[in-house]
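The values are calculated or read from the model by the stated rules, or taken from the named source; none is laboratory data. Computed from a predicted model, the values in this text were never measured in an experiment. All Cβ positions, even for glycine, are placed from backbone atoms using ideal geometry, and neighbour counts span all protein chains on display. Note: accessible area is taken over every heavy atom of the protein model, side chains too, but ligands, DNA and RNA are not part of it. Shrake-Rupley method; radii C 1.70, N 1.55, O 1.52, S 1.80 Å.
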Amino acid sequence: MNEAKIRLATVQDVPVVQRLLNELAAVLGKSDEIKGTEQDLERYGFGDHPRFEAMLAFLHDEAVGLVVFFYEYSTWRGSPGVYVQDLYVASHLRGTGLGRQLLRAVRERARTWGGRYVKLTVYDGNQAAISFYQHLGFELCDDEQALVLRD
């Protein structure tokens, strides 16, 4: 595979970001759980106070990968970092290094403002994803469990 062109998403990319998020939800068997809309993406990612950033990967002008992330701060580490909310690579390009390229781009972006770590979570039972991330140097946090409080 040729090196993909990776760039920050803009407000004009919102339909593409939504499409790729829908594809990710379908791959995970969770299409009925995705509630976010293009309007939500525009408001929260590209409004006056963005809550996240997204990067898109392109091959031959086709969007084939997405990573959505936001900035966080760890009081225990004493440093800022990023939390990767979503990482998606089109199924026909899995295993080509595109996911690694997207994560490298996030890490480079984080370093521009002093970010020193990347954190993410993986769905229980997704052994392929866990293995992928461990191969890249991510470590399982045995002492942490993700909890969510919903409205």
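Looking only at the stretch 29-78, how many residues end up being touching a helix residue (DSSP H, G or I) at 6+ places or on another chain (Cβ under 6 Å), open to solvent by 50 Å² or more (accessible area, probe 1.4 Å) and of a type outside the set (Val, Ile, Thr)?
5
Quick one: in the stretch 133-151, which of the residues that are over 14 Å from the mean Cα position of the chain (by Cα) and surrounded by 11 or more Cβ atoms within 10 Å (Cβ to Cβ) is nearest to ALA57 (Cα to Cα)?
Across the stretch 133-151, the extreme among qualifying residues is LEU136.
Scanning the stretch 34-82 for residues that are out of contact with any Gly (no Cβ under 9 Å at 6 or more places or on another chain) and among the aliphatic types (A, V, I, L, M), which turns out nearest to PHE138 (Cα to Cα)?
Looking at residues that are out of contact with any Gly (no Cβ under 9 Å at 6 or more places or on another chain) and among the aliphatic types (A, V, I, L, M), I get LEU66.
Name every residue in the stretch 1-44 that is in a loop (DSSP other than H, G, I, E, B) and farther than 18 Å from ARG109 by Cβ, in order of residue number. Outline the logic, then answer.
Looking only at the stretch 1-44, we keep the residues that are in a loop (DSSP other than H, G, I, E, B), and these are 1-4, 9-10, 28-30, 34-37.
Result: MET1, ASN2, LEU28, GLY29, LYS30, ILE34, LYS35, GLY36, THR37.
Please determine, by comparing only the residues of the stretch 114-132 that are of a type in the set (Ser, Thr, Tyr) and open to solvent by less than 100 Å² (accessible area, probe 1.4 Å), which one is nearest to GLY29 (Cα to Cα). Give the derivation first.
Just the residues of the stretch 114-132 that are of a type in the set (Ser, Thr, Tyr), to begin with: 117, 121, 123, 131.
Okay, now just the ones that are also open to solvent by less than 100 Å² (accessible area, probe 1.4 Å), so 117, 121, 131.
Numbers: TYR117: 29, THR121: 17, SER131: 20 Å.
Of everything passing the filter in the stretch 114-132, THR121 is nearest to GLY29 (Cα to Cα).
Sort out which residues of the stretch 79-113 are open to solvent by less than 10 Å² (accessible area, probe 1.4 Å) and of a type in the set (Ser, Thr, Tyr), and write them in order of number.
If the condition is that a residue be open to solvent by less than 10 Å² (accessible area, probe 1.4 Å) and of a type in the set (Ser, Thr, Tyr), then SER79 is the only one that fits.
Residue check, ASP48 against (1) under 23 Å from TYR117 (Cβ atoms); (2) in a loop (DSSP other than H, G, I, E, B), all met but one. Which one?
Among (1) under 23 Å from TYR117 (Cβ atoms); (2) in a loop (DSSP other than H, G, I, E, B), the lone unmet condition for ASP48 is (1).
Check whether at least one residue in the stretch 99-116 is under 15 Å from the mean Cα position of the chain (by Cα) and not in a helix (DSSP H, G or I), and report yes or no.
Looking through the stretch 99-116, none of the residues is under 15 Å from the mean Cα position of the chain (by Cα) and not in a helix (DSSP H, G or I).
Read through the list (1) over 22 Å from ILE130 (Cβ atoms); (2) touching a strand residue (DSSP E or B) at 6+ places or on another chain (Cβ under 7 Å); (3) of a type in the set (A, V, I, L, M, F, W, C), then give the number of the only condition that VAL14 fails.
(2)
Collect the residues in the stretch 52-85 that are more than 16 Å from GLY115 (Cβ to Cβ) and assigned to a loop (DSSP other than H, G, I, E, B), keeping them in residue-number order.
HIS60, ASP61
So the check is Cβ under 8 Å with 6+ separation or different chains; which pairs have a first residue in the stretch 92-105 that's within 19 Å of PHE69 (Cβ to Cβ) and a second one that's open to solvent by 20 Å² or more (accessible area, probe 1.4 Å) and part of a helix (DSSP H, G or I)?
GLY99/PHE132
Looking at GLY65, is it closer than 23 Å to ALA26 by Cβ and touching a strand residue (DSSP E or B) at 6+ places or on another chain (Cβ under 9 Å)? So that I can check it myself, show each step before the final result.
Details: closer than 23 Å to ALA26 by Cβ: yes; touching a strand residue (DSSP E or B) at 6+ places or on another chain (Cβ under 9 Å): yes.
Here the answer is yes, as GLY65 does meet what is asked.
Looking at TYR88, TYR117, which is the one that is more than 23 Å from LEU20 (Cβ to Cβ) and either modelled with pLDDT of 95 or more or among the aromatic types (Phe, Trp, Tyr) (or both)?
Going through TYR88, TYR117 in turn, the sole match is TYR117.
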